[in-house]
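This report concerns only the one structure given below.
The values are calculated or read from the model by the stated rules, or taken from the named source; none is laboratory data. Being a predicted model, the structure only gives us computed values, none of them experimental. Positions of Cβ are generated from backbone atoms using ideal geometry, with glycine treated the same way; all protein chains shown enter the neighbour counts.
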Amino acid sequence: MFRILHVGLGPLGQKIISDLYARDLGEVVAAVDNAGEFQGRTVSDLVPQSGAPVPIQRTFESISDWSAFDAAIVTTSSDLARCAPTFRELLARGMNVVSTCEELCWPWLRHEKLAQELDALAKKHGGRLLGTGVNPGFLMDTFAVAATAISRSVRSVEVRRFQDASTRRIPFQKKIGVGLDDAQFAAQVKAGTLRHVGLGESLHFLAQQFGWRVERWEESIEPIKTDRDLDSVLGPVKQGKACGVRQQARGWSEGRIVITLEFRAALGLADPHDRVIVQGEPPIDLVWKGGVQGDIATSAIVLNTIAPLRAAAPGLHTMATIPLVGFAPGCKTVGAGV
């Protein structure tokens, strides 16, 4: 069983802790979150099924024995610069760190110097750092690369993720602009608070894996508007207001588009699915009917990457540089009869 230091106790963090115990993969030994609403509370207050009477701390100062952990899970922010102080602290202690920070999935795109710093820090102290998730981290990048293991040649790749956001958590629905009018949507896009973070990271991950030099790339974002009144976890959504977002990213190499990524997430989106289309030999067209529920899958992949990351060399990693990731059986599953 893994002994976990968990950082970030929001909805996703609580989901991961719940699954950690439900899957019998480990236990939370310490928890840190600086939000005032969590002070004086324990992990079991937030996740009753864990039964963990572990007090939630504001900082790392209360931790005296860093050898008590096998790994740290960080679920705090999509922005790497905001997460960097946490990562520095953990890596300086030689920790194995898995994070849902989307920009960490390919940090060289927006934070090249910071990525170099974190890699050096991890190697110096014997730590490991990985950014992962369902997207970025798997569906629009790692999964597409894995599909080409049978390919003789690859000329281009297109990945689509179309999802019904009705079942997603509140922070996700806020992030895709549910309930906003045109002016509010545009203002939040300009402020950088409304977007799916990770298309650019996925695009550059794919380019690196397929050996394409990205000459230029572009990304667009626009609202998906509802043609009827809807209900949401954020309240009523009136006809004509945003019920989701559509983002596209394209990458050029040698004068042609070689990567096309399209992300749509909206309340009640028709025909949700995930799809990978590869132009090559052989041609590949894989469709995941109904699509992948993001919160379930994100929690699963975070927990499933702990063991492969611990088996990797110290340093800053991507999903392409750690051993193959698959379902991690819990303690009760290992050795069980068929």
Candidate set: region 84-104, residues that are hydrophobic (A, V, I, L, M, F, W, C) and surrounded by fewer than 24 Cβ atoms within 10 Å (Cβ to Cβ); chosen: the one nearest to the chain's Cα centre (by Cα): 84
Any chance residue 287 is in contact (Cβ under 8 Å) with a residue 24 or more places away in the chain and on the phi < 0 side of the Ramachandran plot: no
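Any residue at all in region 48-62 that is under 20 Å from residue 310 (Cα atoms), out of contact with any helix residue (DSSP H, G or I) (no Cβ under 6 Å at 6 or more places or on another chain), at pLDDT 95 or above and not β-branched (Val, Ile, Thr)?
Within region 48-62, not a single residue is under 20 Å from residue 310 (Cα atoms), out of contact with any helix residue (DSSP H, G or I) (no Cβ under 6 Å at 6 or more places or on another chain), at pLDDT 95 or above and not β-branched (Val, Ile, Thr).
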Some residue of region 21-40 being closer than 21 Å to residue 132 by Cβ and in a helix (DSSP H, G or I): yes
Among the candidates 56, 63, 17, 4, residue that is hydrophobic (A, V, I, L, M, F, W, C), surrounded by 16 or more Cβ atoms within 10 Å (Cβ to Cβ) and in contact with a Gly (Cβ under 7 Å, 6 or more places away or on another chain): 4
Region 39-84: number of residues that are under 23 Å from residue 193 (Cα atoms) and of a type in the set (A, V, I, L, M): 4
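Considering 122, 72, which residue is over 30 Å from residue 252 (Cα atoms), assigned to a helix (DSSP H, G or I) and in contact with a helix residue (DSSP H, G or I) (Cβ under 8 Å, 6 or more places away or on another chain)?
Within the list 122, 72, the selection yields 122.
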Within region 249-278, considering residues that are over 21 Å from the mean Cα position of the chain (by Cα) and β-branched (Val, Ile, Thr), the one surrounded by the fewest Cβ atoms within 10 Å (Cβ to Cβ): 257
Helices (runs of 4 or more DSSP H) completely within region 162-238 that count 1 or more residues being touching a Ser or Thr at 6+ places or on another chain (Cβ under 8 Å) and in contact (Cβ under 8 Å) with a residue 60 or more places away in the chain: 170-175, 199-210
Condition check for residue 145: among the hydrophobic types (A, V, I, L, M, F, W, C), part of a strand (DSSP E or B) and either in contact with a Ser or Thr (Cβ under 8 Å, 6 or more places away or on another chain) or on the phi < 0 side of the Ramachandran plot (or both): no
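Considering only region 273-286, I want to know if a residue exists there that is under 30 Å from residue 184 (Cα atoms) and not assigned by TED's automatic domain parsing to the domain that holds residue 125. I'd like the intermediate steps shown before the answer.
At the first step, the residues of region 273-286 found to be under 30 Å from residue 184 (Cα atoms) are 273-274.
Filter once more, keeping what is not assigned by TED's automatic domain parsing to the domain that holds residue 125: 273-274.
Yes, region 273-286 contains at least one residue that is under 30 Å from residue 184 (Cα atoms) and not assigned by TED's automatic domain parsing to the domain that holds residue 125.
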Failed criterion for residue 161 (all others in (1) assigned by TED's automatic domain parsing to the domain that holds residue 257; (2) more than 15 Å from the chain's Cα centre (by Cα) hold): (2)
